[in-house]
Structures are given as structure tokens and as C-alpha cells.
1. Given R₀ = 41 Å, FRET efficiency for L400-V108 by Cβ-Cβ distance, to 0.05?
2. Order the peptides 15-23, 356-364 from the highest to the lowest mean number of other Cβ atoms within 10 Å of their residues.
3. For region 460-554, which whole percent of the accessible surface, found with a 1.4 angstrom probe, sits on carbon and sulfur atoms?
4. What shape does region 412-554 take by its C-alpha gyration tensor, where a ≥ b ≥ c are the square roots of the eigenvalues and a/c under 1.5 counts as rounded, a/b above b/c as prolate, and the rest as oblate?
5. At a Förster distance of 30 Å, what's the computed FRET efficiency of T467 paired with N416, Cβ-Cβ distance as r, to 0.05?
6. Which order do the peptides 518-524, 299-305, 73-79 come out in when sorted by mean C-beta neighbours inside 10 angstrom, highest first?
7. Using the beta-carbon distance between I300 and V374 and R0 = 22 Å, what value does 1/(1 + (r/R0)^6) give for FRET efficiency, to the nearest 0.05?
8. Quickly work out the K124-to-D186 label distance, labels modelled 7 Å from Cα along the C-beta direction, and quote it in nm with one decimal.
Amino acid sequence: MKCGGGATASTNSNWTEYQPPLTMWVRANGPEIFAGTALPHLLLPKARPNKQQQHRCTWRFNFKAVPGEYSLHVKLLTFNGFANFDNEKCQKEQVPKDPSRRSEMFDVQNYNRSHPEELETLEKMNEGFVNEFALEKNFSHHRGLEGFKLYDKFDGCCEACARARGCKMWTMPGANHYDECELYFDNVEDDLDFLDKDNGQYLGRERNYSYKAQMLEEFPTVRMRRLGATTTKKQRDRRLAVASNELERFGSGKSIQIVEKGDSKPSVKNEEMRQCNLQDERFGVSDGRWVRYPFPDESICPPMRKDDDIPGFREFMPFFNGTSMPAICWHRDDLTQVATTCAETGCSAASQHKWVSNMRETNFYAKWEPYNCVYQDLGDAEIQDCINRKNIVEIEARGLSISTILKNFLHQKLRNVNMTDAGAGPSTDGEKVKKSVRLDTLKIPHLLWHNSIEKHQAELDKFANVTDDPNVEHYFVTGFYYSSEREPHVQVDRSLLFSQMEYDALVPKGYKMINGFDVTAAFTYDTAGQFDGMHIVGPPIRSIVTKFFHHLCL
């Protein structure tokens, strides 16, 4: 394994060019908060008489710290995270129905819960189905797979077999009703992920080598995931591994004290900096950190309370009114109450294994600030002036779950703002036109989930050119800095790669990018809804919305 992944001597420190073999998340939490990915660095060997010279590989994360105490956290996320995949290779074959052995209950995989005996009947059919295939294909070992959030069984089961070393085939359903699918192997010895390394025994012998149903209270320690097609050696070498959430973290939480050097230069004050522009959102150009400020007391902002006026939003969001409160009150938060709710089956049990840190503070106040420019916090009056001046009749958040989160934070900023009437205001040709603004997430978690690199590029090529569209102003938000893989392929390396592809394809067509990747890195797990490392809420979303209004209005 090369220290630099795909790097060469001429490669700079760009993450997507390096494609490091290990992706390690780093955060330094102190007076300022820095977070991102450590990149590999090859150290020159030390001179050792009469001994072979060996290079050493280290991972380095650079940040410009101000003096103070910092807690350091490092978490291994992926191995070969840039590995591509092709869903077209996931071929499936419909098994012919056999009314003499299987009923409609088997086809729909459902039973009357008021009649428990029906579950026993269903599982007997499932087990018979699985055993038939094992016998027909001469597989002496098979095991079921129960996923915590296996929404798309076809994609999930195919990927599970691809990553389980030695897996030759999979079927749906699994032997037990709660097994999403069954994985088949020539021999139990081939199922290397099925081996308990502590005692040398294979798991689940009480079910004839079929996996004992994964208990939610054990999640995620019993789940191992790898990607490795078995057709060629090159493909086998391109395995993707996602680290367990309970993997020991190097020096996690270790505190260090950074002292000021005598020759340190004074920092530039915000009022002396230029206004940020869209070029500052680019990857490799965006260079910022979270800067802490004293938590505003009640002489500035009213006591913090939950905003109950936002329908359907389950997560904690402090109440904010841009008319009666100063704009600085927008950035207050209580991180102990953020991302504590569950909406899906099994979340409450899995959350017992959640990874949290000292970032979860009761009175949290910090803002994302670049080093070379300033984002303006706009209050109600300034946003209203912007709406009137640009003749905006609608601001719409588009996408799926992430856009719903954005929509709720937009609601807070717009609760006292009135859109202009449709058609008000002259256009260049003297006619009345309406102006709509779209903030689109492009459904990027779902694109990561289902699309290969080639398919993603093909879909981007289909986007229309909106440069000269007088009626709509188009913005899109990049993928977030994900710290887990809730569905197959939805992880941090691909999020960065796909976001860069979107910038390259869409910005020349008139779309405007808002960088959500960098601002979510520090909060990637601590404030993720359901602790899933993907639906990040709280301060990063405020930063995205702040940047959106800044670019829209200034």
C-alpha cells in the first residue's frame, strides 16, 4: 500500500488527487475549531548503520491555531474510499413462483401480526427457499443478513455480498423473516468476515452457519463491511472498508496547550477583510474554521428556548426572530439537545453506541469564518430589502431529506420577510417578470448511494444551461462531510468527489455553489440526526443559510 495512495511526486496536497488509502478525520476543538482530513506524508528514513533503510508513513493535518487549550479527536473513516462501483453488475433473476410450496405470504413477505403462528409458517418457507438454493448450487455455508437501515434491499444485498470475502451468491429473502437476504459460500472457511478472531470460532453455529439475527443492542460491533469484487486481482485489491463506529480512536480527546510564539503576527480584523464571493466556495480555496465568541447574555438575546413554530421539525432549534432579536442571536445553540431524536425503527437501540465528544455544549456559540474574507449576517430588514430589490417572489429548497432540514432553517430567517408579488418589477425588456430562487441539494446522498462515477457525470451533462435564465437564480449545496455509511457508498470520499464533479459541470452552466462540505466537518457526528453521520443539523446548517443569503443579497 503506497503511503500517498494515488499520489505522485508532482501531486499537490489535494485530497481527491491523493486518494489516500486511509481516510482519517481530525478535529482540534479549542478557542477555534478546525476539522478535516489528514493526508499521508512520507518521512525520509533515518540513517541506521548496517540496517536496511525504511520509509515511514504518517498522516498530517495542518491548522493555524491561536493560543489556548485544544482537545484532539482522530477517527478512521474508510479504506480506499474513492473506490468506484457499477450497479449494472448487480444482476438479479426472478425465482419462478411455485404455488405448491410457497404461498402469497412468501411473495409479499408479510403476515398477520395478530396470528403469531403465521410468522412460523413464513419462516419455514423462507428457510426452505434458502436451503433449496444452497443444495442446488452446492454451497455448504450460508448466513442471513439483517440491516439496521437497509432501505434498498437489492442494492444493499448485492453490496453486502460484494464486500463479504468469499461470497458467491445472494438471495432475497433470508432464512429468517427479519433477514433481508442470505449470503452463500462454498465453505464456512471461505467466510472470513464470519470468523470470531477472539476465539477462532465461526459465528452462528446454532443456525447451521446461518447468521444469528443481529441484535440491535449489539449494533454496530457485529457488522463488518468490505467491498471486493472477486473476478480479478485488480478488483480484489480495490476493497472498500468502512470503520466500525466503535473502533478505537487514536488519542481521542487528548488535550494539548498551544502557546503564542514571540514572533506571531496579529490576526486581521473582520472589518478589514473583503466580502466573500462565490469563488471562495471552491474546494481548495475555501479555507476557514469555526471561531468561538462569548455566548450572548440576556442583555443582548432573550433566554434560549426551542422554536415550536416550525411544523414537523423534530430536532432542537433555538427560537430566532430577526425582527425582535439582533442577527447575532441566530448562531446560539444548545448542542446537548441537538440530534437526540429517532424517527426510524432500531435507532434508539443503535444510539446507545453513538460516538459523541466534548463538542456537545449547552451554551455553544461559534461562527464559520474564512481567513481571507467575511460573510455578512443579514437581519430581517436587509433580507427584505434584498427581496424587494431583486423582485423575488419565491425562495425554494429542493431535494429530499437534507433539503427539508435547510427549509426549516430558511423558515426562521424568512418568518418576518414578505416575498414580492408575482410579476412586480420591470425586466430589461420592460415587461413584468417574477424572480424565483432555488437552493438545491441535488439529492446528493441518493446519488452517492446509487450512481457510479460515470453515471453521475452522465446525469450532470444533462443539466440545462441556466446562465441567461431571467426568472430563476439557481444555487446548489455540496455534499456534506459524512462520518459513516448509512447506505452503501454514501461516505465522505465520494461526497467530496461528486461535489467537485458538480462544481466542474454546473458552475459553467450558471449554477452557483454553496460549500457545505467544509462547514460540516467539525460536526459530522456530534450533531448528525439519529447519529447517522449524514443528516447533520445545528451550526453547519446556519452557516450554509448565512452564506446563501450573503451571496444572494450582497
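The values are calculated or read from the model by the stated rules, or taken from the named source; none is laboratory data. Just so you know, these numbers come straight off a predicted model, no measurement behind them. Cβ sites come from the backbone with ideal geometry, for glycine too, and all protein chains shown count toward neighbours. Ligands, DNA and RNA are stripped out before the accessible areas are found, and what is left, the full protein with its side chains, is counted by its heavy atoms. Shrake-Rupley method; radii C 1.70, N 1.55, O 1.52, S 1.80 Å.
1. Numbers: r = 26 Å, r/R0 = 0.65.
Efficiency at R0 = 41 Å is approximately 0.95.
2. Working: 15-23: 19.9, 356-364: 15.3.
Descending mean neighbour count gives 15-23, 356-364.
3. Details: 1160 of 2130 Å².
Using a 1.4 Å probe with all protein chains present, region 460-554 comes out at 54 percent carbon and sulfur.
4. On the way: a/c = 2.80, a/b = 1.48, b/c = 1.89.
Verdict is oblate for region 412-554.
5. On the way: r = 33 Å, r/R0 = 1.10.
Once the sixth-power term is evaluated, E becomes 0.35.
6. Working: 518-524: 25.9, 299-305: 12.4, 73-79: 21.0.
Peptide ranking by packing, descending: 518-524, 73-79, 299-305.
7. Working: r = 21 Å, r/R0 = 0.94.
Using R0 = 22 Å, I get an efficiency of 0.60.
8. 3.6
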